[in-house]
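Working notes, beginning with the structure itself.
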Amino acid sequence: TLGTQTDYRDGEAQTDPYSPEYVVPSGSVPELLTLATLTWGRGLPAGLAEVEMIERAREKRAWEATLPAMDNASHITKRRKMMEDMERKEWAFREQEIEKLQEVRLEVLKKLLRSREENQNELDAKCLDDHWQNHQKAKEEKIKKIQHDCALMLRKLIAKRKNVMGKLERRDIIKEYTDFASQTYAPLSRIGYFPDNHSERYVVKNFYLNTFAGLCELEASLPDSVTQIEIKAPKPKHTTTKTGFIKRSARLEVDLAKVHQALLEKKNKVKEPKKPLRFLEKVEKPVPRPPTPILEKPSIEEEETELAVICLQKLLRGRAIQNMMFEGKEKRLELIRELHTTLTLQEDGQLLLKAEEQMTLALEQQHDLQMHKLSSVENHLAREEGRVLANMLDFLSKELVRLQEERKIHAFVMLAERQRRMREAEESGRRQAEERRRQEEDEIFKQAREGDWWSTIDSYLEDIILSSMENTAEEQAREEIQRMAVEINDIAYEMESRRTRLQSEEIVAELVYSFLIPEAEKMAMREKVRQSQRKHIYAAHQIIHRGTE
């Protein structure tokens, strides 16, 4: 019984539609009650599927009404057959619904899979971007470090290059104080000087600025012209030139002054009161209008005749205008042809301009493509050059290391050879000393057996001569050995300087053959002897154990 007006829509104010209560009369089944299962949000508002369901329910009710009664066997058979057909139709319809539902679910599953793949691709792209960013940061940090190290090494090289010979130079104090970029004015922090450590020494401390007494004394020492300012009136500007003409700036100033004065007058102007009427004026009444004439309505025949005359006049006037236009066209036919030719030429020129523009655009595109190809080729060439240079530098560094190792091995070989020769010389000396000692002992034994003093004298003289000869021979042999060692060293160094890679490999192979192979053969021989001895020991052990048993 009451009505209200709100600021909300019906969809916002009411969630479910209102369903009033109802009463069904006895003996009637309204069709609307068959749709009581449909509620708002579940079938309502009705769509295409709900309409199809309602139509199927109507068809089923109509089919149920056509079923025969169950009063005899033929009707029962017919009823059963009709029900079986209807059941098959319902099963077919249910299968179609299931297939549709499966298709809908399949589409939903495809959408979900597609969205999952897109999300995974986005995550992969994000991860790749993060990895790329991290690599870029690491690369930039590495490049900064390399540039810093490069600058440091360049500074060191420049400092070394300034004094290649390593001479000590005295400090030139005059040069340092004349050069404002020297260590005297701008010391480097890496040398150990930090300018911020003793910054308080540069603070200005003045008695006249930090204390009140100093300020008063400083103010008293200033002249009066500083504390007492004198203002002088400005002199008027000359608005005329020497020849008597007024300057443009002066004219502009005068005009501006006039405008300013007019604006002030208009602003300060007082409204004048209205003056009273001095004389009364008579207001004359207008002349009355005459009555409007009324035309009589013409007859239908006169109206048709008038219309026909008007149509004939229009035709005649149109024909006359057409003849005039045709005569004007014939008179100015040459001018029209000239205009046509001009227009055609202009169109041809526009076509040529369009063709030139298209040609220019094509040339620009071709040039851009060529530049892109050239840039790509240059990039590939630079990449290949970098790769080749890297491989070449790697190979050269490895060759340098190999040559250094080869020289070390050769030096070790020369030292071993020299040590072997020295040991052989020492061994030969020891052998000679042993032989000499044995001969002396034999001679002593012989002299002791003979007991003749002449033989003693002879033996003594022989011993002195032999000892002097041996000493002389030993000195000569030592000098000869040293001379031969020096010559062998010179020859070895010369061979090392002229030696090729194959010769180095041959020397290494000879060393291996002379040192490693004999040692391996010795070890194999020892193993064979050990195996053979082990057989005999095993046989002896068996015999001993058998005997004890």
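Brief remarks follow.
- A dipole drawn for the chain from +1 and -1 charges on Cβ atoms has a positive end, and of V309, L381, L353 the residue lying farthest that way is V309.
- Sorting the segments 325-335, 469-479 by their mean number of nearby beta carbons within 10 angstrom, highest to lowest, gives 469-479, 325-335.
- Virtual spin-label span in nm between Q533 and S299, 7 Å along Cα→Cβ: 17.1
- Label sites at I229 and E90, each approximated as a point 7 angstrom past Cα along Cα to Cβ, lie 11.1 nm apart.
- For the pair segment 22-85 and segment 332-361, the centres of their Cα atoms are 80 angstrom apart.
- Calculated [222 nm] ellipticity per residue, helices only, for the chain: -26000 deg cm²/dmol; basis is -39500 (n - 2.57) per DSSP H run with n ≥ 4, divided by all residues, nearest 500.
- Overall form of segment 120-223 per C-alpha gyration tensor (a/c, 1.5; a/b vs b/c): oblate
- In a simple Cβ point-charge model (Lys, Arg +1; Asp, Glu -1; nothing else charged), the chain has a dipole of about 3560 debye relative to its Cα centre.
- The chain: relative contact order as a whole-number percent, Cα under 8 Å and 6+ apart: 3
- Gain in span if fully extended, Q147 to E103, counting 0.36 nm per residue against the direct Cα distance: 9.4 nm
- Nitroxide proxy distance, nm - points 7 Å out along Cα→Cβ at N210 and I517: 9.4
- Think of a 1.4 Å ball rolled over the protein heavy atoms: the chain then has 98 Å² of accessible area per residue.
- Accessible area per residue (1.4 Å probe, heavy atoms of protein chains only) ranks F93, F180 as F180, F93, with the largest value leading.
- [x] 65.7, 208; [y] 22.7, 71; [z] 25.5, 81, with the label sought being that of the calculated Rg and Dmax of the Cα atoms in Å: [x]
- With every protein chain in place, the chain: carbon and sulfur % of accessible area (1.4 Å): 59
- Between S221 and R383, full extension at 0.36 nm per residue minus the direct alpha carbon distance yields a gain of 50.5 nm.
- Using a Förster distance of 51 Å, the FRET efficiency for L415-E122 (Cβ separation, nearest 0.05): 0.15
The values are calculated or read from the model by the stated rules, or taken from the named source; none is laboratory data. As the structure is a computational prediction, the values presented were derived from the model and not from experiment. Because the Cβ atoms are built from the backbone with ideal geometry, glycine has one as well, and the counts that use them run over all protein chains shown. Ligands, DNA and RNA are stripped out before the accessible areas are found, and what is left, the full protein with its side chains, is counted by its heavy atoms. Shrake-Rupley method; radii C 1.70, N 1.55, O 1.52, S 1.80 Å.
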